[in-house]
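Below is one structure, written out as structure tokens, with a few remarks after it.
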Amino acid sequence: CYANGICSGLSYCHPIPVAQSVICNCPPSYGCGQYGCFRLRARASKNMILPLLDNGQEWSKRPQIMFEEKMNEMPSLIPFNQFRYRQSKPLRVLDERRALAMASPTAAELPIKGRILRDPNEAFLECCMDRQLPDACLNKCNFNYFNQQALMSMYLHQDQCPMKAMRDMQFCAAQGRDHRSCCLRNGVTTTLAGAKCLTFCDQRPGNVTQLDISFLPCFDRFENMKACFWHDIIRYFR
């Protein structure tokens with residue numbers, strides 16, 4: 001419904017809103033992101049170190065001045081007959097682990113840091129902060145408040161959290177993982193939409209699906225999906 005503005009005559013369904021550019025006037029300690037102002041934070045992982053995607057050259061370990069000097073030594077244009085002789089490496093394939101770490105360090109570190117988190121809601125919230133969600137959305141990054149009523153308020157513009165942020169919240173609730181097998185056991189496919197509902201359960205980075213009104217029945221099993229997400233996070237706490 002939200003994706004294409006088709007409402008099938010439902011009185012409460014508004015046409016799709018026109019996308020507007022984000023204009024930020026953020027206070028100190030806040031940055032400007034795709035949804036508006038978000039909290040800045042300085043955080044570094046002590047447990048997981050993922051090398052930068054730099055084709056095998058770990059520039060991040062060299063002083064910045066050495067990098068700049070190297071760039072100054074290189075000509076801006078390399079003659080074609082010389083290019084083939086220069087050492088180069090093919091682009092590194094972005095595997096699932098790296099993709100997850102880029103999308104949310106919290107989700108990527110969950111298997112390691114699960115024991116120090118208080119509960120799944122903390123992992124949910126930390127991921128939402130990784131995704132730079134505004135304060136109006138952060139209070140919904142909680143399994144108790146991320147529900148159908150909250151989504152409906154967002155859709156009807158009765159909430160300051162934009163509806164398009166729902167995809168990031170769903171990603172964070174699932175911690176960027178594939179929960180289809182659990183959703184099958186939990187009866188998520190037992191709606192008129194059938195197996196389409198498994199789309200909401202597979203939240204691995206890069207999985208993008210254009211939603212339409214045929215997915216609407218899936219929200220009748222929203223709590224079943226959340227149960228899978230919750231119990232999957234819990235297993236890392238043990």
Just one of (1) assigned to a helix (DSSP H, G or I); (2) within 25 Å of Leu100 (Cα to Cα) trips up Val188, so point out which.
-> (1)
Any idea which of Ala165, Ala173, Ala195 is small (Gly, Ala, Ser) and without any contact (Cβ under 8 Å) to a residue 12 or more places away in the chain?
-> Ala195
Any residue at all in the range 220-229 that is of a type outside the set (A, V, I, L, M), at pLDDT 95 or above and within 19 Å of Asp130 (Cα to Cα)?
-> yes
By residue number, the members of the range 126-153 that are within 18 Å of the chain's Cα centre (by Cα), over 19 Å from Pro27 (Cα atoms) and among the hydrophobic types (A, V, I, L, M, F, W, C) are Cys127, Cys128, Cys141, Phe143, Phe146, Leu151
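Does Ala195 fit the bill of being part of a helix (DSSP H, G or I), small (Gly, Ala, Ser) and touching a Ser or Thr at 6+ places or on another chain (Cβ under 9 Å)? Write out each step before concluding.
Numbers: part of a helix (DSSP H, G or I): yes; small (Gly, Ala, Ser): yes; touching a Ser or Thr at 6+ places or on another chain (Cβ under 9 Å): yes.
Taking the combined requirement at face value, the residue satisfies it.
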In the range 200-227, which residues are surrounded by fewer than 19 Cβ atoms within 10 Å (Cβ to Cβ) and among the polar types (S, T, N, Q)?
-> Asn207, Thr209, Gln210, Ser214
If you go through the range 200-217 one residue at a time, do you hit one that is farther than 23 Å from Lys113 by Cβ, in a helix (DSSP H, G or I) and of a type in the set (Asp, Glu)?
-> no
Identity of the residue in the range 101-116, over 16 Å from Ala174 (Cβ atoms) and surrounded by fewer than 18 Cβ atoms within 10 Å (Cβ to Cβ), that ends up modelled with the highest pLDDT = Met102
Just name the residue that is nearest to Met102 (Cα to Cα) out of those in the range 196-219 that are modelled with pLDDT under 90 and of a type in the set (Val, Ile, Thr).
-> Val208
For Ala195, the lone unmet condition from (1) within 18 Å of Cys228 (Cβ to Cβ); (2) aliphatic (A, V, I, L, M); (3) within 19 Å of the chain's Cα centre (by Cα) is (3)
Within the range 139-179, track down each residue that is surrounded by 17 or more Cβ atoms within 10 Å (Cβ to Cβ) and not hydrophobic (A, V, I, L, M, F, W, C).
-> Lys140, Asn142, Tyr155, Asp159, Pro162, Asp168, Gln170, Gln175, Gly176, Arg177, His179
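The values are calculated or read from the model by the stated rules, or taken from the named source; none is laboratory data. What you see is a predicted model; the values in this text were computed from it and never measured. Don't worry about glycine lacking a Cβ; one is built from the backbone with ideal geometry, like all the others, and counts go over all protein chains shown.
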